[in-house]
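Everything on this sheet refers to the single structure shown next.
The values are calculated or read from the model by the stated rules, or taken from the named source; none is laboratory data. Quantities reported herein were computed from a predicted structural model and do not represent experimental measurements. With ideal geometry, Cβ positions are generated from the backbone for all residues, glycine too; neighbour counts draw on all protein chains shown. Ligands, DNA and RNA are stripped out before the accessible areas are found, and what is left, the full protein with its side chains, is counted by its heavy atoms. Shrake-Rupley method; radii C 1.70, N 1.55, O 1.52, S 1.80 Å.
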Amino acid sequence: MSQYPAGERTLADMIDAAEAIVAFTGAGISTECGVPDFRSPGSAWKRHPPIPFDQFLADEDMRLEAWRRKFAMDDIYAGARPGRGHAALARLVAAGKVSHIITQNIDGLHQASGVPAERIIELHGNGTYAQCLDCGGRHELRDVRRGIEENGALPACVCGGIVKSATISFGQSMPRDAMQRARRATLGCDLFLVVGSSLVVYPAAAFPLIAKENGAQLVILNAEPTPLDGDADLVVRADIGDTLHPIANVGQSLPQVAEKTPL
Ligand code: NAD
Ligand code: ZN
């Protein structure tokens, strides 16, 4: 008798048979870590909605408000650690099964789970630091926060540019390098595995269909239906940690990988 419900056994078989998997992750992989997703009812993001890019640029008061909302969200999940989904994907990367993780997440939890940077493609940037919009220089959040909370002073870059959280806001152009890397990875995979995304945010949500049209199998692992379920070869509507943890840990012919020391 199988140890898995039918859907999970099929997913395990497909992972086992694949040569190059791309995992495409969204906010759902981080909910068990205490990072709220965007669209679930009662989400803290609805109490502190991100400011669109044009408004951030237009107005100093808006920039202060954007930072206030960001720090309110940071306070909710600053101590988050990688969960079972991150650990399972890290294991599949280390085993050579997953070539890349394309993520819409900004929480840095794939890096924290031990996945090398060259295997991670962040489509929406990273919320754990700030960046100058002109010169690209890095600024640390603790310095930005101290300046705002102690003096009400917006961060300034030596070049005079505007400093913003290193995330991609609504209305901001997508990072060219990340989009190109994501496209190459997508075209190189034979299994494209969506993990915890509602697949409604474009252009990110185009990648599953690019993979499918290129001949890859498409699997969607998400608690709720998505608009691309009809295009998928397999839809697993289940909890991410519950589903991926056993697959990656007893994983069929996967080479065994040493457990990572917790960071
Ligand atoms: P989303 O909130 O639109 O969708 C998340 C999906 O995950 C939902 O359909 C939900 O049903 C599912 N889900 C939640 N917990 C799950 C679980 N334990 N098991 C299975 N499914 C689960 O998120 P999205 O598609 O990533 O789009 C939101 C946008 O907002 C992204 O562009 C992202 O940049 C940003 N965002 C990022 C984070 C983060 O970094 N963790 C969090 C919220 C929002
Ligand atoms: Zn600068």
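Key figures for this structure:
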read-out: Yes/no for Cys159 being farther than 30 Å from Glu213 by Cα, part of a loop (DSSP other than H, G, I, E, B) and more than 15 Å from ligand 1 (Cβ to nearest atom); value: yes
read-out: Considering residues of the stretch 115-142 that are without any contact (Cβ under 8 Å) to a residue 12 or more places away in the chain and away from ligand 2 (no atom under 16 Å from the Cβ) only, the residue most open to solvent (accessible area, probe 1.4 Å); value: Arg142
read-out: Scope the stretch 186-219; condition over 19 Å from Lys97 (Cα atoms), hydroxyl-bearing (Ser, Thr, Tyr) and crowded, with 19+ Cβ neighbours inside 10 Å; matching residues; value: Ser197, Ser198
read-out: Flag for Arg84 being open to solvent by 50 Å² or more (accessible area, probe 1.4 Å) and touching a Leu at 6+ places or on another chain (Cβ under 7 Å); value: yes
read-out: Count of residues meeting criterion [in contact (Cβ under 8 Å) with a residue 60 or more places away in the chain and not in a loop (DSSP other than H, G, I, E, B)] in the stretch 36-62; value: 5
read-out: Residue, farthest from ligand 2 (Cβ to nearest atom), within the stretch 220-252, restricted to residues that are of a type in the set (S, T, N, Q) and within 17 Å of Val98 (Cα to Cα); value: Gln252
read-out: Answer residue from the stretch 169-184, given it is open to solvent by 60 Å² or more (accessible area, probe 1.4 Å) and not charged (D, E, K, R) and is nearest to Asp134 (Cα to Cα) among those; value: Ser173
read-out: Criterion: touching a strand residue (DSSP E or B) at 6+ places or on another chain (Cβ under 8 Å) and either farther than 21 Å from Val93 by Cα or surrounded by 14 or more Cβ atoms within 10 Å (Cβ to Cβ) (or both) - qualifying residue of Ala166, Ala112, Ala153; value: Ala166
